[in-house]
Amino acid sequence: PAALDGPQDHLDEVRAKLRRRRDITYERLNAIPNISCVRPTAAFYAFPKLHIDEPDNTFVSDFIRETGVVVVPGSGFGQKPDTRHMRIVFLPQEEVLEEAFDRLEQAFERQTRFTADASHEFRTPLSILMSHCELALKKDRTAPEYREALDTCLKAAQRMKAVVEGLLTLARADAREL
């Protein structure tokens, strides 16, 4: 057969391309916070670990929907229980891989920013509520002082309610997209 007995000199170039693509995949994945990856040695795919709270199949379906980049959840490949992975094939051209990793990195950045912003939006009014309640319990106040403290607490609670309603609206919109 020609494939086995014919010239094999093209294989060096093919192996070099695959090594470059593997290295790009390994380096780019390990540069993204919340992802760690062992360098693949005998496969055309990477199996990076996702350091996230949600199940990998949820993350992957959201990622595909958001970016159009197709990866596969690791849960379909017999990973250890309570771990999260995804499978990424690195056969596409280097430019395609770079674009896919840019999108993956941006998705993690958006998630990190959203989490930080939501956390701040909750902590600020919660701190106000707690401090006013603690002060009200520690010392006697006049009726107008209590009214002022309660008014501040009410405004903080309304702010938290608005944040929760906004998050619920986003969640409902997200669910409709599924």
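Numbers at a glance
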| item | result |
| --- | --- |
| Length-normalised contact order of region 1-152 in % [C-alpha pairs under 8 Å, at least 6 apart] | 19 percent |
| Phi-based couplings in Hz for region 69-85 (Karplus 6.51, -1.76, 1.60; Gly and Pro marked x) | 8, 8, 10, 10, x, x, 4, x, 10, x, 5, 4, x, 6, 10, 10, 9 |
| Mean Cβ count within 10 Å, highest first, over the residues of peptides 145-156, 10-21, 65-76 | 65-76, 145-156, 10-21 |
| With every protein chain in place, the chain: carbon and sulfur % of accessible area (1.4 Å) | 58 percent |
| Phi-based couplings in Hz for region 87-98 (Karplus 6.51, -1.76, 1.60; Gly and Pro marked x) | 10, 10, 7, 10, 7, x, 4, 4, 5, 5, 4, 4 |
| Rounded accessible area per residue of region 60-178, 1.4 Å, Å² | 69 Å² |
| Which labelled figure in [x] 16.6; [y] 20.4; [z] 18.8 is Kirkwood radius over Cα pairs in Å, once derived from the coordinates | [y] |
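The values are calculated or read from the model by the stated rules, or taken from the named source; none is laboratory data. Since the structure is predicted, the reported quantities are computational estimates derived from the model, not experimental observations. Counting neighbours? That spans all protein chains shown, and the Cβs are built from the backbone with ideal geometry, glycine included. Surface areas here come from the heavy atoms of the whole protein model, side chains and all, with no ligands, DNA or RNA. Shrake-Rupley method; radii C 1.70, N 1.55, O 1.52, S 1.80 Å.
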